[in-house]
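Student: Mind looking over this structure? Questions follow.
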């Protein structure tokens with residue numbers, strides 16, 4: 001890779017504007033990540049259309065800052081009130097809250113900051129060293145490979161379906177159907193537009209996503225709001241700041257945590273590259289593996305500093321791997337990377353192999369922004385570790401109003417169209433009913449996002465083969481992807497059968 005790209009990228013991100021936007025993103029991410037119920041997905045979905053007003057380097061600097069810091073900040077509420085601020089911090093509750101109860105809350109917050117940054121840096125190095133070689137291989141992909149990639153991405157509907165695969169598949173197909181609204185990609189004729197100009201360009205991906213993850217979540221939180229739970233959390237959060245103790249671990253503690261954290265960093269980076277394997281899965285896997293290798297496994301789950309450091313490392317350790325898959329293949333591994341794909345498309349860039357040739361300079365900037373965000377998290381996170389507990393005092397009503405306003409403004413800002421605001425509102429109402437009915441919105445978003453890619457490349461491939469389906473098994477890459485798709489679809493059944501036999 002040309003070093004001039006790295007020098008040029010470094011000079012581009014070290015401008016006052018980019019640094020300010022990145023730092024602002026880090027601060028916003030910490031606030032949102034620390035509040036239970038709000039997630040990095042919601043934050044990025046709301047902020048994405050707003051960043052359209054800025055230069056791509058500034059806008060993406062904010063989004064990358066929010067993403068990295070929100071995942072890290074989920075550990076704050078995991079330590080203080082035993083509630084993960086984001087799903088990725090589930091494993092942090094195993095030992096973090098126990099450390100807080102032992103009077104080591106400050107130490108837990110310090111470890112959370114230091115080792116979340118360590119995991120983020122290692123995963124970014126994973127991105128830096130592997131992204132360009134992978135992209136150079138995939139740049140030769142044609143319609144058949146892109147169709148299989150889209151189909152492989154859609155199999156992630158199973159992983160994103162929660163406890164009910166049937167409901168998840170139904171949501172995914174609903175998203176696919178919605179993606180057909182607009183102009184036919186091959187014949188350029190209108191379809192399903194209801195004779196309105198607002199739908200000629202199709203149903204915009206971002207307003208739907210903002211509504212489902214923003215308004216839908218707010219409506220669900222209002223529905224489930226319980227004063228007793230709020231009072232308990234506020235009481236704990238208010239008393240936490242004065243009883244946290246020291247923040248920084250000793251040198252001996254740090255040296256003792258290097259080995260398990262290094263193993264967790266490597267594991268989580270690889271896990272992150274697997275579509276649909278997020279920080280929650282990685283942190284649980286790494287925590288379990290570290291317990292098996294530990295000299296003191298009996299301490300895990302009872303306030304183990306080692307166990308907590310491992311889970312914090314894995315939280316942010318998946319981000320570089322997930323970004324590698326998203327940038328090189330154009331496949332969203334989860335809701336956050338799906339939104340980031342939409343963000344790049346909004347800037348006129350198409351994630352995938354061509355991005356590494358057409359927008360190589362911006363790819364390098366993204367890598368450097370990941371490192372810059374982690375530096376900002378380390379500095380700001382340690383300085384404000386004790387004060388960060390006070391974030392939990394924010395009243396939910398204030399948060400709800402702010403989210404709703406940002407959702408409306410962001411949706412309108414996309415195309416200066418009130419139609420997008422209506423779509424966002426309808427998607428928010430639908431998202432609320434989906435959540436109440438146990439229908440995960442993730443598969444719907446995947447179907448809507450990948451539907452166009454799936455359809456257009458399928459039809460192009462069939463034109464090239466004159467209608468023969470054999471084209472999808474004659475090329476090595478498509479055959480390998482087809483095998484992976486089949487294994488992904490039938491893995492739950494195979495696993496269940498082996499478990500039954502074992503019993």
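The values are calculated or read from the model by the stated rules, or taken from the named source; none is laboratory data. All figures in this text were calculated on a predicted structure; none of them were measured in a lab. For neighbour counting, all protein chains shown are included, and Cβ atoms are generated from backbone atoms with ideal geometry for every residue, glycine included.
Student: Picking from 139, 203, 181, which residue would you name as being in contact with a strand residue (DSSP E or B) (Cβ under 8 Å, 6 or more places away or on another chain), under 21 Å from residue 345 (Cβ atoms) and at pLDDT below 85?
Tutor: The unique qualifying residue is 203.
Student: Let me ask something else about it. How many residues does region 81-125 contain that are under 22 Å from residue 356 (Cα atoms) and surrounded by fewer than 24 Cβ atoms within 10 Å (Cβ to Cβ)?
Tutor: So the answer is 3.
Student: Does residue 212 qualify as being modelled with pLDDT of 85 or more and either in a helix (DSSP H, G or I) or more than 20 Å from residue 342 (Cα to Cα) (or both)?
Tutor: It is false that residue 212 is modelled with pLDDT of 85 or more and either in a helix (DSSP H, G or I) or more than 20 Å from residue 342 (Cα to Cα) (or both).
Student: Quick one: residue 166 ticks every box in (1) surrounded by 13 or more Cβ atoms within 10 Å (Cβ to Cβ); (2) out of contact with any helix residue (DSSP H, G or I) (no Cβ under 9 Å at 6 or more places or on another chain) bar one, so which box is it?
Tutor: Against the list (1) surrounded by 13 or more Cβ atoms within 10 Å (Cβ to Cβ); (2) out of contact with any helix residue (DSSP H, G or I) (no Cβ under 9 Å at 6 or more places or on another chain), residue 166 comes up short only on (1).
Student: Tell me the residue from 357, 313 that is over 26 Å from residue 45 (Cβ atoms), touching a residue at least 40 places away in the same chain (Cβ under 8 Å) and surrounded by fewer than 16 Cβ atoms within 10 Å (Cβ to Cβ), please.
Tutor: Selected residue: 357, the only one of 357, 313 that is over 26 Å from residue 45 (Cβ atoms), touching a residue at least 40 places away in the same chain (Cβ under 8 Å) and surrounded by fewer than 16 Cβ atoms within 10 Å (Cβ to Cβ).
Student: List the helices (runs of 4 or more DSSP H) inside region 319-362, counting only whole elements, that have at least 3 residues being under 16 Å from residue 446 (Cα atoms).
Tutor: In region 319-362, 319-329, 335-346 are the helices (runs of 4 or more DSSP H) which contain 3 or more residues that are under 16 Å from residue 446 (Cα atoms).
Student: Is it fair to say residue 103 is over 21 Å from residue 324 (Cα atoms), outside any helix (DSSP H, G or I) and touching a residue at least 60 places away in the same chain (Cβ under 8 Å)?
Tutor: Yes; evaluated as a whole, the condition is true for this residue.
Student: A follow-up question, please. Can you tell me which condition residue 311 does not meet? The list is (1) within 28 Å of residue 7 (Cβ to Cβ); (2) more than 15 Å from the chain's Cα centre (by Cα), and all the others hold.
Tutor: (1)
Student: Okay, moving on. Which residue is farthest from residue 321 (Cα to Cα), if the candidates are limited to region 38-80 and must be surrounded by fewer than 24 Cβ atoms within 10 Å (Cβ to Cβ) and over 18 Å from the mean Cα position of the chain (by Cα)?
Tutor: Among those residues, the one meeting the criterion is 53.
Student: Okay, moving on. Counting residues that are crowded, with 20+ Cβ neighbours inside 10 Å, modelled with pLDDT under 80 and in contact with a helix residue (DSSP H, G or I) (Cβ under 9 Å, 6 or more places away or on another chain), which helices (runs of 4 or more DSSP H) fully inside region 399-475 reach at least 3?
Tutor: 441-464
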